[in-house]
Amino acid sequence: MDSASGGTGPPDPNTSGGEGPSSAATGSIAAAAAGAVVPAAAAEASSSPAPPSRYESQKRRDWNTFLQYLKNHKPPLTLARCSGAHVIEFLKYLDQFGKTKVHAAGCPYFGHPNPPAPCACPLKQAWGSLDALIGRLRAAYEENGGRPESNPFGARAVRIYLREVREGQAKARGIPYEKKKRKRPTVTATAVVGNVSAGPSQGGGDGDVGGGDGGGGSSTTAADAATTSTAV
């Protein structure tokens, strides 16, 4: 009689009709979980600090090397008592690890940039390496709490020593170190043409003079810009 009445019982969860809502709910939960994981990973990646640059890494190593030198000094030195003279001693100490051949005055290859044979002259630190080293240590000193006015790496004695090393190595190795010159402001061709066209009553003769002056200024600037500074 129940079958004849046409009544239907409660839906069976094991049938296909019951699986639809269950599958949709499972998919929504999985999507929400995936969406929560992606922002968390992005936030973790953005919060991680960027690796230090090559300059910063080298500056840190140089600073630690100098502090170790002060610790091993006889007698030991503190950073507060360090002076320009101690910095020069440190630079001379580094010469034993140098890789640049610096010919002595009595060497037959003195002043030759490309000697044909080896000699017994010592290896030293190149002037360019020492100059860059002092720049990094000068910055590291102030970054670690030092005052600019008491910075031993910026002392006048250190600058004089570096200049003497540069001049001595230039003579010994036959490689001149030229100073950089400031570039003069250039006059563009547009400005020259504008000045010439602004005075039509002067005729074409002044235009030729203006063009000649512009060309002369450009060649002078190119000659000034051609000077470079060589760092060994």
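Given a cut-off of under 8 Å on Cα pairs at least six residues apart, what relative contact order in percent is computed for region 54-173? Intermediate results must be reported in sequence, preceding the final value.
Numbers: 112 pairs, mean separation 40.0, N = 120.
It rounds to 33 percent for region 54-173.
Given R₀ = 30 Å, what would the calculated FRET efficiency be for residue 147 paired with residue 123, taking r from the Cβ atoms and rounding to 0.05? Intermediate results must be reported in sequence, preceding the final value.
Working: r = 36 Å, r/R0 = 1.20.
Between residue 147 and residue 123 the formula returns 0.25.
What distance in nm separates the two pseudo spin-label positions at residue 65 and residue 112, each 7 Å out from Cα along the beta-carbon direction?
3.1
Can you tell me the Rg and Dmax of region 67-127, counting just the alpha carbons, in angstroms?
Both quantities, over Cα of region 67-127: 15.9, 48 Å.
Every number here is computed from the coordinates shown, using simple stated rules; none is lab data. Nothing here was measured: the structure is a model prediction, and the numbers come from that model. Cβ atoms come from the backbone with ideal geometry, glycine included; neighbour counts cover every protein chain shown.
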